[in-house]
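Since the structure comes first, as structure tokens, the remarks are kept for the end.
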Amino acid sequence: MRKKVMAVLVAASMVLSLTACGGSGDSSSNNTEGKTETEAAGGENELTVWCWDPAFNMYAMEEAEKEYQKENPDFKLNIVETPWADVQTKLTTAASSGDLSSLPDILLMQDNAFQKNVISYPDAFADLTGSGIDFASFAGAKTAYSVVEGKNYGVPFDNGAVIACYRTDILEQAGYTVDDFTDISWSEYIKIGKDVLEKTGKPLLSCLSGESDLIVMMLQSAGASLFDEEGNPSMVDNAALKEVMDTYAELVKSGVLVEVNDWDQYIGTMTNSTVAGTINGCWIMASIQTAEDQSGKWAITNMPKLDKAADATNYSNNGGSSWAVTTNCKNMELAEDFLAKTFAGSVAFYETILPASGAIATYSPAAKSDVYSEPQEFFGGAPVYAQISEFASKVPSNNTGVYYYEARDAVATAVTNIVAGADVETEIAAAEDTVNFAMGK
Amino acid sequence: MSGPNKKLTLSRKQNLSGWAFLTPAAILIAAMSFYPMFRALILSFKTGVGLNMKWAGTYNYVRMFQDAVFMQALKNNFIYLIFQVPIMLVLALVLASLLNNKDLRFKGFFRTAIFLPCATSLVSYAVIFRSLFAVDGLINTVLINTGLLSTGYNFLGHATSARIIIILALIWRWTGYNMVFYLSGLQNIEYSIYEAAKIDGASPWQVFWKMTVPLLRPTILLTAIMSTNGTLQLFDESVNLTNGGPANATITMSHYIYNMSFKYVPNFGYAAAMSYLILILVAVLAFLQMKAGDKRD
Amino acid sequence: MTKGKKIISYTFLSIVSLLSIFPLYWMVIAATNKSVDVSRGTMLPGMELINNFKNLVASQNVLNAMTNSFKYAIAMTVLSLAICSLAGYGFEIFHDRGKDMVMSVILLAMMVPFAATMIPLYQLFSKAHLLNSTAGFILPMISTPFLIMLFRQSARSFPHDIIEAARMDGLNEFQIFYKMFFPTMRSTYAAAMTITFMNAWNSYLWPKVIMSDTKSATMPMLVANLTEGYVTDYGMLMLSVVFCTIPTIVIFFLLQKSFAEGITGAVK
């Protein structure tokens, strides 16, 4: 019997060692691969980049590589396609584990997440102040997203300037043109909107329920924020926020704004012509343009402004991203020089990427380029890229703070309840409590 | 004297070979699950951002009961659990016993079709569920055409209907999955027992409750524990179907824990503490289920 | 079965099957249409399948992702089944109070959300220099409480007299497992294989965190890549989803006979 027990033990341990062998065998071979990669990335002329959109920011990086190779033929980029949610997960995991070695040299970061990440993980990001990158040549409100305690941590990339898009053919049926929507206020917008709805049966605007995008756009257009200078929530007694909430509720009530439940349906309202327009970051143009049969029927202008707020403007921002350099970068000079000579220094580069990807720069010198003034047939022959660049230069800054995502979600909850009939001030107070709770206050 | 002595060593040896059988799996679980769980337990008594964690005692555990969003999530999870798990398991049992019929044709097709939902990618199934229940979606169109509604109802925009949709989605997705285990469990029961029961004049209903269910008890226990665990850790549907909305009415604990770790300012101490509450809840429920169902006849 | 009961059975099964298949149908239809038509809610086949395929292949390395997914999923399924069935058998056949206790403790391992244990696990692998390695990818997913318990519960119906008889015949414990239990429990193995393969195939979060290079991308990662970005090409996306779903369905279809149509008679 003893022999048999031994046999079982041997058999069991064989299975175990099989895994162990398989494991270690694989790991050693992969480790060598990993090593050669890091050496190549760290030592010579190669940089690893994480970004996520093949038609957009990945394309831009590839073109930047070509641009930089003109002077440095040995230069190479290793672009790893990584969706934003995964960039954030991997970054958080690596930084929380105290092992930054898996991070790339450069990564693309959503502007909304910049403050949170730099302040939570100060050791993970390289301070780019004084690196020779000319931050003054970018729109001020854009650069502000990646400035922490006066230091620059990001090179601004794509533009999130807000545009209002309208279907000129639908407006015409109701007797309006896009000029009637330029430099207007929200009360005028609602007034015309009701008329358009009555005459054509189409709302002016669709929007995702449970999201705070439009709320925050409206707020920022008046230079207001959800946080004060010290980073404390400032929602209660924030006159602009209350006006925004009231306006939003009225938009829904009047039927001028129709709420949908998800992004696909939101895009569907435009491609199916169930709405007469939209208001969003300028990147929304790419989705609008997928409906090729609507070419020539769209026009863009600036967004409506708040009626009462003191510093109200017709300009705001939604979305956009910036490049960050991590401290895992072994060749900091190369990374800085690469960014300085491409994203922060080459008008020619921006001229190349614009027509193919629609990536509108926040780099001010590029906006003066002829390519930006080309008329765009889809938008009725208007030079929309130049228009957007002009909008971008007028956007007031937004104080995002570290707890920006918490605040946005709290505000989204509040606005959902307000639309369902809850009291505005009670809900705003509840939202501020939620954020204070998250901050441990 | 030699008889009992020999027997003792024999059973001791068998006992030892039993341990040998389960050692590889146990070692892997210890390293890959219990070690990280132990680290997370320590973390749950700390607070702070990033690498700057300070000892905080039971602060996180007290905090979660003052957290309105987390309490809402806890409530949501229990609503899903109470309605979804029993309906799904009974439905899976019924389908499995229907499909265990030797005379039935197209069995392969039916089985594959009913299993399909859990193999269908989340991406496409979320898109479809959302568009089906949209204000201008198929369900509303049908309800309007049959005169049950006059205007479209925003199913995902109201708390109760949004929760019902999540429950429906879960039943749709996991019934076929559980059916697989019942089907395979039924193979270990002699088919002739069924035939005999039928000849004795037992109705299908009696056969189902008096024979199928008791004979499948070990498998039912397994699926009940797994489904309880799955529902209390529910994440996919909350994120992809409703994004927790409207106004957190459908958010789950796991969704909130994920937000706390990767969307908001990372607070891993708090996330770990909330995770341990889930562990306690599932463990208690699993213990009760084992008490009731893990008997050897 | 009477005719009436038969009609009820078939009708019920047909309705359930139809509801189950519908999203898959939509997915295939979407894969043959232009993105804009998908967002307009078309339910009819289109002419864009070839174009969608060309676009997909141009933007993503589908072959590489398919190969990786198969490699990882097969390795995980084989190892997982071997180790967990051994353990499940051990827990049941040699059960005593100690082992029942250990089983209960092992169940605890699945009760904590992964978001909470991911970072300690990552630290473990970083210390072991297993980041970016195949071992790092599959090790955490081999031994699962679920599979162990599945085999433990199934072993309960394995007749003890067979084991006694085999012991009399001089077979050792491992031989009994391998020669008696393994062939008898084919239906359980087939069910476990389907589920494990599916879970391994669809695993996303941990692989994504531990793997950093493009070369090791799997099918779910490829699908995720296509959903990011300012514009989603739904036709192309759904084609990739179809590719990502087919292997699981094929495996299920091939194995369903072995776990649903009794072959247990062989031993009895």
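The values are calculated or read from the model by the stated rules, or taken from the named source; none is laboratory data. All values derive from a computational prediction rather than experimental measurement. Every residue, glycine among them, receives a Cβ derived from its backbone with ideal geometry; neighbour counts consider all protein chains shown. Calculation scope for accessible area: heavy atoms of the full protein, side chains included, ligands and nucleic acids excluded. Shrake-Rupley method; radii C 1.70, N 1.55, O 1.52, S 1.80 Å.
Find the helices (runs of 4 or more DSSP H) located wholly in the range B:108-201 whose residues include 3 or more that are more than 27 Å from B:Thr242 (Cβ to Cβ), and list them.
Where helices (runs of 4 or more DSSP H) fall fully within the range B:108-201 and carry at least 3 residues being more than 27 Å from B:Thr242 (Cβ to Cβ), they are B:159-186, B:191-199.
Spot the failing condition for A:Ala136; the list is (1) closer than 18 Å to A:Tyr405 by Cα; (2) without any contact (Cβ under 8 Å) to a residue 60 or more places away in the chain, and only one is missed.
All conditions pass for A:Ala136, except number (1).
Among the residues of the range A:366-376, count how many are open to solvent by less than 50 Å² (accessible area, probe 1.4 Å) and within 20 Å of A:Ala136 (Cβ to Cβ).
The number of residues fulfilling the criteria is 4.
What is the residue count in the range A:265-297 for residues that are buried (at least 22 other Cβ atoms within 10 Å of the Cβ), more than 8 Å from chain C (Cβ to nearest Cβ) and without any contact (Cβ under 8 Å) to a residue 60 or more places away in the chain?
1
Is it the case that the range A:26-34 has a residue that's at the interface with another protein chain (Cβ under 10 Å from one of its Cβ atoms), buried (at least 22 other Cβ atoms within 10 Å of the Cβ) and at pLDDT 50 or above?
For the range A:26-34, residues at the interface with another protein chain (Cβ under 10 Å from one of its Cβ atoms), buried (at least 22 other Cβ atoms within 10 Å of the Cβ) and at pLDDT 50 or above: absent.
To keep it simple, each residue is scored yes or no on (1) modelled with pLDDT of 90 or more; (2) in contact with a strand residue (DSSP E or B) (Cβ under 8 Å, 6 or more places away or on another chain).
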residue: C:Leu171; (1), (2): no, no
residue: C:Phe177; (1), (2): yes, no
residue: C:Met185; (1), (2): no, no
residue: C:Tyr189; (1), (2): yes, no
residue: C:Met193; (1), (2): yes, no
residue: C:Trp201; (1), (2): yes, no
residue: C:Trp206; (1), (2): yes, no
residue: C:Thr214; (1), (2): no, yes
residue: C:Thr218; (1), (2): yes, no
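Pull up the range A:101-140, narrow it to residues that are at pLDDT below 90 and part of a loop (DSSP other than H, G, I, E, B), then point me to the one that is surrounded by the most Cβ atoms within 10 Å (Cβ to Cβ).
Within the range A:101-140, the match that is surrounded by the most Cβ atoms within 10 Å (Cβ to Cβ) is A:Ala139.
Mind checking which residues of the range C:18-34 are crowded, with 20+ Cβ neighbours inside 10 Å and under 13 Å from B:Thr112 (Cα atoms)?
C:Ser20, C:Leu24
In the range C:124-153, which residue that is among the aromatic types (Phe, Trp, Tyr) and either facing chain B (nearest Cβ under 7 Å) or under 16 Å from C:Ala82 (Cα atoms) (or both) is least open to solvent (accessible area, probe 1.4 Å)?
Going through the qualifying residues, I end up with C:Phe151.
Go through the range C:227-250 and report how many residues are more than 16 Å from the chain's Cα centre (by Cα), buried (at least 23 other Cβ atoms within 10 Å of the Cβ) and not aliphatic (A, V, I, L, M).
3
Of all residues in the range A:57-76, which are in a helix (DSSP H, G or I) and touching a residue at least 24 places away in the same chain (Cβ under 8 Å)?
Scanning the range A:57-76 gives A:Asn57, A:Tyr59, A:Ala60, A:Glu63, A:Ala64, A:Glu67, A:Tyr68.
Restricting to the range B:27-55, name every residue that is more than 7 Å from chain C (Cβ to nearest Cβ) and over 30 Å from A:Asp123 (Cα atoms).
Passing the criteria: B:Ile27, B:Ala30.
Pick from A:Ile418, A:Ile428: which is within 13 Å of another protein chain (Cβ to nearest Cβ) and either more than 30 Å from B:Gly269 (Cβ to Cβ) or modelled with pLDDT of 95 or more (or both)?
Sole residue among the options that is within 13 Å of another protein chain (Cβ to nearest Cβ) and either more than 30 Å from B:Gly269 (Cβ to Cβ) or modelled with pLDDT of 95 or more (or both): A:Ile418.
Give B:Tyr153, B:Tyr80 a once-over and let me know the one that is open to solvent by less than 20 Å² (accessible area, probe 1.4 Å), among the hydroxyl-bearing types (Ser, Thr, Tyr), on the phi < 0 side of the Ramachandran plot and more than 10 Å from every other protein chain (Cβ to nearest Cβ).
From the options B:Tyr153, B:Tyr80, the qualifying one is B:Tyr80.
Please go through the range B:47-77 and pick out each residue that is more than 17 Å from B:Tyr264 (Cβ to Cβ) and open to solvent by less than 80 Å² (accessible area, probe 1.4 Å).
B:Ala56, B:Gly57, B:Tyr61, B:Val62, B:Met71, B:Leu74, B:Asn76, B:Asn77 - these are the residues of the range B:47-77 that are more than 17 Å from B:Tyr264 (Cβ to Cβ) and open to solvent by less than 80 Å² (accessible area, probe 1.4 Å).
Looking at C:Asp169, is it in contact (Cβ under 8 Å) with a residue 60 or more places away in the chain and within 14 Å of chain A (Cβ to nearest Cβ)?
No: the conditions fail for C:Asp169.
Quick check on this structure: which one of A:Ile133, A:Ile163, A:Ile184 is among the hydrophobic types (A, V, I, L, M, F, W, C), closer than 25 Å to A:Gly319 by Cβ and in contact with a Cys (Cβ under 6 Å, 6 or more places away or on another chain)?
Unique residue meeting the criteria: A:Ile163.
Select from the range A:169-195 the residues that are of a type outside the set (A, V, I, L, M), buried (at least 18 other Cβ atoms within 10 Å of the Cβ) and outside any loop (DSSP other than H, G, I, E, B) and list them in ascending order.
Correct list: A:Phe181, A:Trp186, A:Tyr189, A:Gly193.
Which ones in the range B:83-96 are within 14 Å of chain C (Cβ to nearest Cβ) and open to solvent by 40 Å² or more (accessible area, probe 1.4 Å)?
Selection gives B:Ile87, B:Val90, B:Leu91, B:Val94.
Do you know which of the residues in the range C:52-78 that are without any contact (Cβ under 8 Å) to a residue 60 or more places away in the chain and under 30 Å from A:Asp293 (Cα atoms) is most open to solvent (accessible area, probe 1.4 Å)?
Of everything passing the filter in the range C:52-78, C:Lys54 is most open to solvent (accessible area, probe 1.4 Å).
Which is in contact with a helix residue (DSSP H, G or I) (Cβ under 7 Å, 6 or more places away or on another chain), under 28 Å from A:Gly401 (Cβ atoms) and basic (Lys, Arg), of A:Lys202, A:Lys116?
Every option except A:Lys116 fails the conditions.
Residues that are closer than 23 Å to C:Trp206 by Cβ, within 14 Å of chain A (Cβ to nearest Cβ), in contact (Cβ under 8 Å) with a residue 12 or more places away in the chain and not in a helix (DSSP H, G or I): does the range B:267-275 have at least one?
Yes; the residues of the range B:267-275 include at least one that is closer than 23 Å to C:Trp206 by Cβ, within 14 Å of chain A (Cβ to nearest Cβ), in contact (Cβ under 8 Å) with a residue 12 or more places away in the chain and not in a helix (DSSP H, G or I).
State whether one or more residues within the range A:93-100 are of a type in the set (A, V, I, L, M, F, W, C) and either open to solvent by 10 Å² or more (accessible area, probe 1.4 Å) or more than 23 Å from the chain's Cα centre (by Cα) (or both).
yes
More than 7 Å from chain C (Cβ to nearest Cβ), surrounded by fewer than 17 Cβ atoms within 10 Å (Cβ to Cβ), modelled with pLDDT of 80 or more and part of a helix (DSSP H, G or I), is that true of B:Ala20?
No.
Looking at (1) among the polar types (S, T, N, Q); (2) open to solvent by 10 Å² or more (accessible area, probe 1.4 Å); (3) within 16 Å of A:Ala139 (Cβ to Cβ), which is the one condition that is false for A:Thr400?
A:Thr400 satisfies all of (1) among the polar types (S, T, N, Q); (2) open to solvent by 10 Å² or more (accessible area, probe 1.4 Å); (3) within 16 Å of A:Ala139 (Cβ to Cβ) except (2).
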